[in-house]
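One structure is given here, and the rest of the page talks about it.
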Amino acid sequence: MTALEDAPVGPPPPGRVAAFLRPRVGGFPRSFWVLWAGSLLNRLGTMVEPFMGLYLTTSRGLSLAQAGAVMAVLGAGSFAGQLVGGTLADRLGRRVTLTFATVGTGAAMLALGYAQGIVAIVAAALLLGVLLDMYRPASQAMVADLISPADRPRAFGLMFWAVNLGWAFAMVLGGTLAQQGFLWLFWIDALTCVAFGLLVWRAVPETRSRDVPDGTAPGGGFGRVLRDRVMVAYVLITLLYTFVLMQGMTTMPLAMKEDGLGPQAYGLAIAANGVLIIVVQPLVNAWLARRDHSLVMVAGFVLVAVGYGLTALAASVLAYTATILVWTLGEIIAAAVLQAVVADLAPAHLRGRYNGLYGMAWSGGFLLAPLGGTQLLGAGGPAALWLTCLGLGLTAAAGQLLLAPAIRRRRALALDPLFSSK
């Protein structure tokens with residue numbers, strides 16, 4: 001018998017594609033992939049929000065001031081919806097909260113699409129705002145419930161990628177459909193929201209643990225969340241970061257206009273953001289997930305700050321695109337661990353509320369970014385806006401560096417299997 005015949009027979013070596021995918025997407029349960037697919041579907045239909053201002057001023061004939069007020073009401077509703085969603089996710093369950101919020105969002109979306117007159121439009125916008133982001137704390141708590149602490153950064157990174165992939169397609173398709181009539185956007189957005197909710201209802205079991213105290217038990221509720229100084233500090237740092245990051249989606253078109261660059265130039269430049277995220281994020285997410293979370297965030301915050309600071313020197317489409325690429329790299333780096341830190345900080349029975357408070361940082365940043373950004377732009381021009389962003393981004397990075405030891409201690413607790421019952 002030859003040596004070759006004596007050799008043990010084993011499975012064939014994995015192919016290159018399998019070897020590449022396994023550390024990035026392997027090891028997750030079916031329920032996670034259903035949630036991931038639903039999030040992608042929901043984001044593919046997100047067409048109303050980016051074109052809201054245009055819809056209100058053209059199809060509904062509102063003035064710029066009225067349109068701004070409607071969008072402010074929408075933002076305020078979203079701010080409140082995060083808190084309500086977090087509470088419901090802990091008290092009623094993740095599954096029922098997500099389904100109620102997404103199906104309700106679909107109905108509210110159609111109500112706004114058919115609303116006539118400023119009073120009806122404002123009422124529909126408020127309802128839509130409350131429901132629009134109510135599902136997020138439940139969705140994020142579901143991921144934390146389903147995935148072990150060691151694998152959560154990869155899981156949240158995949159969710160971030162799905163959101164951006166869907167967003168990129170939605171922008172292209174939404175712009176095309178808007179030319180045929182804005183009502184198409186409302187119907188598609190509504191149907192994808194409802195489909196997301198029904199998919200989760202049918203295919204994902206409730207993930208909220210029943211072995212821990214109910215959210216209404218003593219020591220529970222938002223009071224406990226607000227007494228968590230590490231979490232509150234983390235939310236404030238995230239608010240600073242979000243304020244800076246959202247300038248690219250709010251005031252950057254206005255700054256480019258002052259350089260003689262119109263909407264088409266902005267569209268070309270900002271497209272680099274989505275393309276880079278879709279291409280780069282899957283390649284680096286697993287590697288970043290294994291690094292110290294706070295140091296990863298510090299690196300991301302610094303790149304975002306520098307990218308926006310460099311925008312003060314930009315005056316052409318190419319220059320703006322280059323700065324967008326810099327801060328998008330920072331966004332990719334930070335997104336690899338941002339949500340995973342919240343999951344590490346939150347006890348199992350308060351994950352919904354912790355995610356609701358964290359979501360308020362994003363809703364607050366989205367609400368404050370255009371208000372503060374336009375004030376800075378009007379008072380000191382683009383240079384004042386972008387240099388302020390540089391300063392705020394570096395402040396967020398410094399704050400995160402100071403918070404790092406506390407976050408490391410809490411992550412060590414999260415890796416302890418007994419932590420979820422404490």
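The table that follows gives values for the structure above.
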{"quantity": "Meets criteria (open to solvent by 10 Å² or more (accessible area, probe 1.4 Å) and modelled with pLDDT of 95 or more) for LEU371", "calculated": "no"}
{"quantity": "Exclusive hit being modelled with pLDDT under 90 and surrounded by fewer than 19 Cβ atoms within 10 Å (Cβ to Cβ), set GLY45, GLY53", "calculated": "GLY53"}
{"quantity": "Boolean, LEU313 is open to solvent by 10 Å² or more (accessible area, probe 1.4 Å), over 20 Å from the mean Cα position of the chain (by Cα) and on the phi < 0 side of the Ramachandran plot", "calculated": "yes"}
{"quantity": "Top-ranked residue in the range 193-223 [being more than 24 Å from the chain's Cα centre (by Cα) and open to solvent by 60 Å² or more (accessible area, probe 1.4 Å); ranked as modelled with the highest pLDDT]", "calculated": "ARG202"}
{"quantity": "Selected residue [surrounded by 24 or more Cβ atoms within 10 Å (Cβ to Cβ), of a type outside the set (Lys, Arg) and assigned by the TED database to the domain that holds LEU56] from LEU132, LEU92", "calculated": "LEU132"}
{"quantity": "Condition check for ALA271: outside the structural domain of VAL143 (by the TED database) and either touching a helix residue (DSSP H, G or I) at 6+ places or on another chain (Cβ under 6 Å) or crowded, with 19+ Cβ neighbours inside 10 Å (or both)", "calculated": "no"}
{"quantity": "Residue that is surrounded by the fewest Cβ atoms within 10 Å (Cβ to Cβ), among those in the range 135-172 that are in a loop (DSSP other than H, G, I, E, B) and of a type outside the set (A, V, I, L, M)", "calculated": "SER148"}
{"quantity": "Which numbered condition VAL122 fails, given (1) of a type in the set (A, V, I, L, M); (2) open to solvent by 10 Å² or more (accessible area, probe 1.4 Å); (3) without any contact (Cβ under 8 Å) to a residue 40 or more places away in the chain", "calculated": "(3)"}
{"quantity": "Subset of the range 345-366 [of a type in the set (Ser, Thr, Tyr) and within 12 Å of the chain's Cα centre (by Cα)]", "calculated": "TYR358, SER363"}
{"quantity": "The range 308-356: number of residues that are among the polar types (S, T, N, Q), out of contact with any helix residue (DSSP H, G or I) (no Cβ under 7 Å at 6 or more places or on another chain) and either modelled with pLDDT of 95 or more or not assigned by the TED database to the domain that holds VAL230 (or both)", "calculated": "0"}
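The values are calculated or read from the model by the stated rules, or taken from the named source; none is laboratory data. Small disclaimer: the values here were computed from a predicted structure and weren't measured. Counting neighbours? That spans all protein chains shown, and the Cβs are built from the backbone with ideal geometry, glycine included. Note: areas computed on protein heavy atoms with side chains; ligands, DNA, RNA excluded. Shrake-Rupley method; radii C 1.70, N 1.55, O 1.52, S 1.80 Å.
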